[in-house]
């Protein structure tokens with residue numbers, strides 16, 4: 001989830017090997033605990049001299065930076081809460097017009113929205129979860145939450161179970 005979010009909000013993000021650890025992920029990923037935890041941060045611990053000192057203040061850590069980090073983590077948590085396996089309830093592509101899901105006025109955005117909706121449906125086979133589908137169709141998962149709800153409200157999608 002973190003890689004998905006960062007790929008959309010900070011495409012130039014850097015990943016580090018677990019062997020280059022040094023924060024709480026050491027404990028969470030230790031033998032016997034084995035929680036799949038990753039650190040998400042703007043600057044890696046120990047990479048700036050103010051880290052964990054009294055000089056680590058809002059001249060170094062900005063409110064804009066904190067908010068950006070918060071937004072990335074919030075998006076990851078939203079995906080965690082909304083991720084589920086989805087199954088289409090109809091064969092082939094559904095007729096969207098009779099359900100009021102096809103726009104009556106064509107715009108560049110409406111074409112993109114319909115394409116995303118149809119691409120989402122195409123992968124709702126009961127085996128794929130929302131995060132996997134978002135990765136396949138290259139759309140931020142959080143942009144698909146309302147699409148999933150719309151399709152469910154028209155009985156075009158059903159939940160095939162929460163993905164763990």
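Observations, loosely collected:
- When each of the peptides 25-35, 88-98 is scored by the mean number of other C-beta atoms lying within 10 Å of its residues, the order from highest to lowest reads 88-98, 25-35.
- With a Förster radius of 25 Å applied to the C-beta separation of residue 127 and residue 20, the computed FRET efficiency comes to 0.15.
- Expressed per residue, the C-alpha convex hull volume of the stretch 84-162 stands at 83 Å³.
- Per the Kirkwood formula applied to alpha carbons, the chain shows a radius of gyration over Rh ratio, Rg over Rh, of 1.08.
- Subtracting the Cα-Cα distance of residue 43 and residue 150 from their residue separation scaled by 0.36 nm leaves 34.7 nm.
- Taking the fewest neighbouring Cβ atoms within 10 Å as the starting point, the ordered list for 117, 41 is 41, 117.
- Neighbour-count ranking [beta-carbon atoms within 10 angstrom, fewest first] of 159, 63, 132: 63, 159, 132
- Working note: 222 nm ellipticity from helices only, DSSP H runs with n ≥ 4, each -39,500 (n - 2.57), summed and divided by the residues of the chain, gives -11500 deg cm²/dmol to the nearest 500.
- Expressed as a fraction of 2.2 N^0.38 Å, the C-alpha radius of gyration for the stretch 2-81 is 1.20.
- Residues 53, 158, ranked from the fewest to the most other C-beta atoms within 10 Å, line up as 53, 158.
A short reminder: the numbers here are calculations on the coordinates, not readings from a lab. This is a predicted model, so every value here is computed, not measured. Virtual Cβ from ideal backbone geometry, glycine too; neighbours counted across all protein chains shown.
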